[in-house]
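Asks: There's a structure below that I have some questions on.
The values are calculated or read from the model by the stated rules, or taken from the named source; none is laboratory data. None of these values were measured; they are calculated from a predicted model. Because the Cβ atoms are built from the backbone with ideal geometry, glycine has one as well, and the counts that use them run over all protein chains shown. Heavy atoms of the whole protein, side chains included, go into the accessibility calculation; ligands, DNA and RNA do not. Shrake-Rupley method; radii C 1.70, N 1.55, O 1.52, S 1.80 Å.
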Amino acid sequence: MTPANPARPSDRGLRRAQAAIARLSRESPDPMALFARVADIVPEVVPADGVCGLTLDPATLLHTGGFHHRGVPHSHLPRLLQIEYGEEDVNQFPGLVRTGGTAAGLWQATGHRPHSSSRYRDVYRPAGMGDEMRVLLRTGHTVWGALVLHRGGDRAPFGGGEITALATLAPSVAQALRAAYLRHDVAAADCELPTAPGLLLFHPGGELDRATPAGHLWLEQLDAAGAQSAPLPQPVLHAAGRARATGDASLRMRSRNGPWVSVTATRMGAEGAVAVMVQPSSPQHVIGILMEAYGLTPREQQVAQLVTYGMSDTDISRRLGISPHTVRDHLKKVFDKTGANSRGRLLQLLYFSHYQPDVDNGRTMGRRGWFHSAQV
């Protein structure tokens, strides 16, 4: 690969892209259709060999779905997810949020030493891929999703001007994505989901063994991308892989028609077979359920929430207006109450633990990607 400096995108091309995305927003596509169209627009501003659009849970930054055009090959996804949620690496989404950044390149972040990134060493380079650019899609402090751009291993890395151009384009995409969510929520009000929970059984090697009739129906509901990039929905594979490694896993995601769905995976014995249950999600947030079930005080919940964003004690103290010593006291109580003994274990617990979907704390989903306060 030749480390040439790519030409800076033209202001005119950037304005055309912003106008095209504004038109898309008015055309009312759903989130995945929006990403598919954006994947055609972005390369006109910044050349890329692959463009992926991810939906992220605004509270945890957990990946809940997405559109993948020439992204990471399916065979490399398990290692990518392992790095993303179990190891430290450059440009992970919580880190970008914590630093206030919008767009960042892997080459740029490593000082043109990509081999220092486990994501590059273990996933991109073996797959013949080169640089990666991540772009947060947020309005205000709320992160709705992200774009991930890829270049082939024989292409020059993304230049500073290209990264700046995508940071400039990001607010337009974020506004369109938020609008898509709002419209999708309204359309989803009249959508019907399967009434029975669906059961999926996976072999120890990760292949789907069998599924109940309801399980097949749920797979159709979760297949937002039309199964073009993977045999099964990636969040289901993600939950199954996490459960195979840790014993259990749980996440919430939107179905193809909009309503939220709970995906819960459990390892069955030492061999590594996994059972995955899919069912309509009760109107609570997984972190809210866990934190309230563990008896955390409102302040302890705030501290735990900020930990999921990768904030340090100093960052949290500044955000909440309390001393770092007080933050550490709250965090010790969080560890004591949850049984976690480190930030990493707390993150794993909050993201992936098996939670009780029938806990009723009075919360309902709002249209801002967050949950209203409990009602009494």
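Asks: Can you tell me the length gained on complete extension of the stretch ASP40 to ARG16, counting 0.36 nm per residue apart and subtracting the Cα distance?
Replies: Gain on stretching ASP40 to ARG16: 7.4 nm.
Asks: State, as an integer percentage, the relative contact order of region 95-182 based on alpha-carbon contacts under 8 Å between residues 6 or more apart.
Replies: Dividing the mean separation by the residue count of region 95-182 yields 29 percent.
Asks: Follow-up. Quick one: if you stick a label point 7 Å off each Cα along the C-beta vector at ARG79 and ALA167, how many nm between them?
Replies: 3.1
Asks: While we're looking at this one, here's another question. I want to check the label-to-label distance for LEU201 and HIS325. Put each point 7 Å from Cα in the C-beta direction and report it in nm to one decimal.
Replies: Simple spin-label model gives 5.8 nm for this pair.
Asks: While we're here: Over region 1-153, give the accessible area per residue in Å² for a 1.4 Å probe, as an integer.
Replies: Accessible surface, normalised per residue, equals 43 Å².
Asks: Just grab the label-to-label distance for ARG125 and SER312, each label 7 Å out from Cα along the Cβ direction, in nm (one decimal).
Replies: 2.9
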